[in-house]
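Have a look at the structure below, then the notes.
The values are calculated or read from the model by the stated rules, or taken from the named source; none is laboratory data. This one's a predicted model, so the numbers in the text were calculated from it and none came from an experiment. Ideal geometry is used to build each Cβ from the backbone, glycine not excepted, and the neighbour counts take in all protein chains shown. Surface areas here come from the heavy atoms of the whole protein model, side chains and all, with no ligands, DNA or RNA. Shrake-Rupley method; radii C 1.70, N 1.55, O 1.52, S 1.80 Å.
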Amino acid sequence: MELLEAMRSRRSVHEYKEEKVDKGVLERIFAESAWAPNHRMKEPWQIRLYQDNGKIGYAQAVMESYQRQGFFDGYEEDKTNRLQEGIRDFLMNIPHHALIYMEKDEDVRKYEEDYAAVCAYIQNVQLLAWEAGVGVLWTTSPYLHDVQFSEAIGLDNQHFKLVSVLQMGYPKRIPKPKMRTPIHHKLDLYDGNEKS
Ligand SMILES: Cc1cc2nc3c(=O)[nH]c(=O)nc-3n(C[C@H](O)[C@H](O)[C@H](O)COP(=O)(O)O)c2cc1C
């Protein structure tokens, strides 16, 4: 697939088939994405892949975080149980959840560089996955900022920033493209001939 075609046709995928993606395909995507630019060659990305029964503990931690954040407040017990079951089923039906995280550098500048590099890595993952027919949703849900969620999954919030959870699998449905703004609204050319 050509680069421009991949960039244009890739969509954020919200619905997945049941079928898992082969370990080898996923490993290739995560390995080759490391060609992302990264300052000081820190390769700051870390990946934790939840799948199969590994999703149970993850989904439970997500649920408990939603609960702490008041997501279920004000509902009757019955309704709360149904909501929770719905969310759990939704998460369990997604074949893979790739938690992307990084070490927190105490130096703000280096922290920003590392975060930027991890985002470049994630976009590589999205494009390589797309080329392999695999859909991805880049998510940044509130639980990524919940200290107790970090604790529940065994990552010390003092040392690690949780950047994203990538939902992954073969797309059941590919959303329509959302068109982008024409570049003349964004690009200002300063070549010495601009009017003052
Ligand atoms: C940093 C970041 C966080 C995102 N978080 C979410 C999210 O939590 N939930 C979601 O449905 N989409 C999320 N997205 C996906 C965007 O909504 C999506 O890229 C946008 O709507 C454009 O659609 P496209 O990727 O199909 O072109 C996120 C994207 C980025 C870059």
Quick one: go through the range 33-60 and flag any residue whose amide nitrogen is under 17 Å from the point 7 Å out along the Cα-to-Cβ line of Arg68.
-> 57-60
Beta bridges by DSSP in the chain, antiparallel share as percent, to the nearest 5 = 95
Please list the equivalent ellipsoid semi-axes of the range 1-98, computed as the square roots of five times the alpha-carbon gyration tensor eigenvalues, in descending order and whole angstrom.
-> 33, 17, 15
If you plug each phi of the range 19-29 into the Karplus form 6.51 cos²θ - 1.76 cosθ + 1.60 with θ = phi - 60°, what whole-Hz ³J(HN,Hα) values come out, in order, with x for Gly and Pro?
-> 4, 7, 8, 4, 4, x, 5, 5, 4, 4, 4
Within the range 63-196: Cβ-based charge dipole about Cα centre, in debye rounded to nearest 20 (Lys, Arg +1; Asp, Glu -1) = 800
Toward the positive end of the charge dipole of the chain, about the Cα centre and with charges on Cβ (Lys, Arg +1; Asp, Glu -1), which of Met41, Ala132, Tyr66 goes farthest?
-> Ala132
Rounded to the nearest 0.05, what FRET efficiency is calculated for Gln46 and Gln158 with R0 set to 25 Å and r the Cβ-Cβ distance?
-> 0.95
Two pseudo-spin positions, 7 Å from Cα along C-beta at Leu83 and at Lys110, lie apart in nanometres by 4.3
Hey, can you grab everything whose amide H is under 5 Å from the amide H of Asn93? Only 5+ residues off in sequence or another chain; H modelled, so Pro and N-termini drop out.
-> none
Averaging 1/r across every pair of distinct alpha carbons in the chain and inverting yields a Kirkwood hydrodynamic radius, in angstrom, of 18.8
Quantify, in whole percent, the carbon and sulfur part of the accessible surface of the range 27-85 (1.4 Å probe; protein heavy atoms only).
-> 47
Built amide H within the under 5 Å cut-off of Lys172, gap 5+ | Glu15, Tyr16, Lys17
22 Å Cα-Cα reach of Lys186 towards lysines, excluding residues that sit fewer than 8 places from it in its own chain = Lys178, Lys195
Surpassing 31 Å at the alpha-carbon level, of the pairs Lys79/Lys161; Lys17/Lys42; Lys23/Lys104, are Lys79/Lys161; Lys17/Lys42
For the chain, the longest site-free run once GluC sites (Glu not before Pro) in DSSP loop states with at most 16 other Cβ atoms within 10 Å are removed | 107-193
May I ask which residue of Thr181, Leu166, Pro95 lies farthest towards the positive end of the charge dipole of the range 69-196, with charges of +1 (Lys, Arg) and -1 (Asp, Glu) on Cβ and the Cα centre as origin?
-> Thr181
Could you provide, to the nearest whole Å², the per residue accessible area of the chain with probe 1.4 Å?
-> 64
In Å², nearest 10: area of Arg11 left accessible to a 1.4 Å probe | 30
For Lys176, the aspartates and glutamates lying under 19 Å Cα to Cα, once residues fewer than eight places off in the same chain are dropped, come out as Glu5, Glu15, Glu131
Residue-wise, which Karplus ³J(HN,Hα) couplings in Hz belong to the range 181-190, taking 6.51 cos²θ - 1.76 cosθ + 1.60, θ = phi - 60°, and x for glycine or proline?
-> 5, x, 5, 5, 7, 10, 9, 10, 9, 10
